[in-house]
């Protein structure tokens, strides 16, 4: 069982109470195979700010829906390994230790900017969940799409779902519907990723004109990004990953590469990479 500081859970639980460019020409240039990590070094530098992206949802939004186990049914879930996140819909870099233990999937069509964000969830079924309350509020890291679930529904790792609701392999079986009522809100990732810096991954299968990318471990949601001055296309309802596309021109991948990021609050971070690799730690963070 994982334990989080009471101050963090009390702070986050208060939030729960509140409620471009065209894709690949042939539509298939970028499949979603598994990751091939390759660490890289980066150093922060000043740079031109990237172009703005669509407005992000606010931290205070509240949702009431249902949740079930990610990757399984009736309390039998599938664990997420260190490399597992890169092959999922969000395409995130190597899964952090926190994300491996506490992760969720949301409806990315309803929440296009949800990847790598954090939420706080509590059991919403008063009188039916034995663990319902502030002590059972669970922070989760978004790594995947929940498919055809509702806009307020979640898929949650089995251990967290059982700890939060009391339903699971060592507790009571899930209801016949396979789902339990939950309430959740977006919360800042900063308290959960204190030792992390922002990571970037390049999806396999791109070419000299088009690539898909993902950013993970950011303390604040990233609203805009660019590489060597070329703006990236922000995630959309139909494409949850960032897209690097220069309108038919070759991508400017000349090393060293300048990666510029803007957070929801307007702050900026810039990193210079010696080369473009599939998995890289940018060495910067939105403090």
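Values in this text are rule-based calculations from the coordinates and carry no lab data. Remember, predicted model here, so these are calculated numbers, not experimental data. Cβ coordinates were reconstructed from backbone atoms using ideal geometry, including for glycine residues, and neighbour counts include every protein chain displayed.
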Exercise. Order of 102, 272 from fewest to most other C-beta atoms within 10 Å?
Worked result: 272, 102
Exercise. Any idea what diffusion coefficient the stretch 133-287 gets from Stokes-Einstein, in µm²/s, Kirkwood Rh on alpha carbon pairs, 10 °C, 1.306 mPa s?
Worked result: 88 µm²/s
For this session: Neighbouring Cβ atoms within 10 Å as the yardstick, rank 143, 187, 233 fewest first.
Result: 233, 187, 143
For this session: Write down Rg/Rh for the stretch 246-287, rounded to two decimals, with Rg from the C-alpha atoms and Rh from the Kirkwood relation over Cα pairs.
Result: 1.03
Problem set entry | Kirkwood hydrodynamic radius of the stretch 208-287, from inverse mean 1/r over distinct Cα pairs, in Å | 13.1 Å
Exercise. Most exposed first by the Cβ proxy, i.e. fewest other Cβ within 10 Å, how do 70, 219 rank?
Worked result: 219, 70
